[in-house]
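Trainee: Below are the C-alpha cells for one structure; questions will follow.
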Amino acid sequence: MPDKATVERAKKDLREGKSPSTAAGEFVHEELEHIRGGEHGARSSKQAIAIGLSEARRAGVPLKPPRKEQASARTRRSAKKDLEVGQQERKPRAPSKKRSKAIEGVLQRESRQAASKQALSAQAKSASRRRKTTARKTAARRAAATRKSSSRPRK
C-alpha cells in the first residue's frame, strides 16, 4: 500500500501536466526507499522497479502497459489488470491476507542489494543500451532542455 504523500505527489505531477511515467517514478522511488529501509528486499533492481510501477497503476496513474516487444505476455497482462483496477471508480476487495503474508515473507528473505547505487546504475545502463542511439540522443536533448540555463556552464 503506497503512502498518502506518494499518491499526492504523483497526483500533483499529473495535474502539472507531467507524463504518467514521471508520476509513476514517485512510486518507484518509494519502493526503493522501502528496500533501503529494510522493510523488505527484492531479487533485482528490475523487480523493485516493477513493484513500484504496479503500485502506481493500481493507485490510478494512467501508465500504459509495455508494448509487445518490451515485455512478456504475463507482464503485459498483469500491467493491464493493474491499470484496470486503478481506473475503477469503486475500489476492489481487500487482497487475500494469506497471499499478502506469503509474498511479504518471500520479499523479506531477498537481499537489500537491489536498491543500491551500483545495482540501479547497472540497471539504468543496461536499459539504455537496449535503446537505439537516436532514442537516447533525443532523450538527452529533451532532458537538457528542461534544465535551467543558470545551472549549465557557459561556453
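The values are calculated or read from the model by the stated rules, or taken from the named source; none is laboratory data. Note that the coordinates shown come from a computational prediction; the quantities given were computed from them, not determined experimentally. Cβ atoms come from the backbone with ideal geometry, glycine included; neighbour counts cover every protein chain shown.
Trainee: Can you tell me which condition Gln47 does not meet? The list is (1) among the polar types (S, T, N, Q); (2) in contact (Cβ under 8 Å) with a residue 12 or more places away in the chain; (3) in a loop (DSSP other than H, G, I, E, B), and all the others hold.
Mentor: Tallying (1) among the polar types (S, T, N, Q); (2) in contact (Cβ under 8 Å) with a residue 12 or more places away in the chain; (3) in a loop (DSSP other than H, G, I, E, B), Gln47 fails exactly one: (3).
Trainee: Same structure, new question: Inspect all residues belonging to the stretch 92-109 and state whether any of them is surrounded by 13 or more Cβ atoms within 10 Å (Cβ to Cβ), at pLDDT below 95, of a type outside the set (A, V, I, L, M, F, W, C) and part of a helix (DSSP H, G or I). Before the answer, list the steps.
Mentor: Taking the stretch 92-109 as the starting set, the residues that turn out to be surrounded by 13 or more Cβ atoms within 10 Å (Cβ to Cβ) are 103, 107.
After this cut, where a residue has to be at pLDDT below 95 as well, the list is 103, 107.
The next check asks that each one be of a type outside the set (A, V, I, L, M, F, W, C); those that pass are none.
There is no residue in the stretch 92-109 that is surrounded by 13 or more Cβ atoms within 10 Å (Cβ to Cβ), at pLDDT below 95, of a type outside the set (A, V, I, L, M, F, W, C) and part of a helix (DSSP H, G or I).
Trainee: Only one residue in Ser21, Ser78 is free of Cβ contacts under 8 Å to residues at least 40 places away in the same chain, part of a helix (DSSP H, G or I) and not aromatic (Phe, Trp, Tyr). Which one? Spell out the reasoning first.
Mentor: Details: Ser21 fails: free of Cβ contacts under 8 Å to residues at least 40 places away in the same chain.
None of the others qualify; the one that does is Ser78.
Trainee: Is it fair to say Lys46 is more than 18 Å from Gln123 (Cα to Cα) and surrounded by fewer than 16 Cβ atoms within 10 Å (Cβ to Cβ)?
Mentor: Working: more than 18 Å from Gln123 (Cα to Cα): no; surrounded by fewer than 16 Cβ atoms within 10 Å (Cβ to Cβ): yes.
The answer is no for Lys46.
Trainee: With touching a residue at least 40 places away in the same chain (Cβ under 8 Å) and assigned to a helix (DSSP H, G or I) as the only criterion, which of Glu30, Glu55 stands out? It would help to see each step written out before you state the result.
Mentor: Details: Glu30 fails: touching a residue at least 40 places away in the same chain (Cβ under 8 Å).
Within the list Glu30, Glu55, the selection yields Glu55.
Trainee: Thr146: out of contact with any Asp or Glu (no Cβ under 6 Å at 6 or more places or on another chain), closer than 19 Å to Ser19 by Cα and among the hydroxyl-bearing types (Ser, Thr, Tyr), yes or no?
Mentor: Values: out of contact with any Asp or Glu (no Cβ under 6 Å at 6 or more places or on another chain): yes; closer than 19 Å to Ser19 by Cα: yes; among the hydroxyl-bearing types (Ser, Thr, Tyr): yes.
So Thr146 passes the test.
Trainee: Further, regarding this structure: If Thr75 satisfies every condition in (1) in contact with a helix residue (DSSP H, G or I) (Cβ under 6 Å, 6 or more places away or on another chain); (2) closer than 17 Å to Ala48 by Cβ but one, which is the exception?
Mentor: Tallying (1) in contact with a helix residue (DSSP H, G or I) (Cβ under 6 Å, 6 or more places away or on another chain); (2) closer than 17 Å to Ala48 by Cβ, Thr75 fails exactly one: (1).
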